[in-house]
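S.K.: Pasting in a structure now, in structure tokens, and then I'll have a few things to ask.
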Amino acid sequence: MASSGSALSFPPGVALVPEDFVARLERLRTLTGLSWEGLAVALGVDSRQLLRWRQGGAPNGGAMLSLVLVAMRVPGGLAAVTNEDVTVVWRRRR
């Protein structure tokens, strides 16, 4: 497989969660203005699952997608979760 030029490279089948994931999750929660329970509802996960993430657990692929979808809808949310300078442009689907 050819390299896309990205600085990140992960072995196939391995998902890595950043060491500061808990802090990124807290930043997202703060940006949303939601409680932890409210954030769990917005993400569509059980509040106990969100607590496990806050204690160092990693979300599965579906939960990570939900996290990104919520983050995209909050000003600065995607940048907080990815720790990258991100701008989201919304366009309606036709």
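S.K.: How about the range 63-85: which of its residues are open to solvent by 50 Å² or more (accessible area, probe 1.4 Å) and either among the hydrophobic types (A, V, I, L, M, F, W, C) or over 14 Å from L28 (Cα atoms) (or both)?
M.R.: M64, L65, L69, M72, D85
S.K.: Residue by residue through the range 22-40, note down the ones that are open to solvent by 50 Å² or more (accessible area, probe 1.4 Å) and either of a type in the set (K, R) or outside any helix (DSSP H, G or I) (or both).
M.R.: Listed by number, the residues that qualify are R27, R29, G33, L34, S35.
S.K.: Residues being over 19 Å from F21 (Cα atoms) and touching a residue at least 12 places away in the same chain (Cβ under 8 Å): count how many of those fall in the range 76-94.
M.R.: Residues meeting the conditions: 1.
The values are calculated or read from the model by the stated rules, or taken from the named source; none is laboratory data. These figures come from a predicted structure and were not determined experimentally. Every residue, glycine as well, gets a Cβ built from its backbone with ideal geometry; the counts of neighbours run over all protein chains shown. Heavy atoms of the whole protein, side chains included, go into the accessibility calculation; ligands, DNA and RNA do not. Shrake-Rupley method; radii C 1.70, N 1.55, O 1.52, S 1.80 Å.
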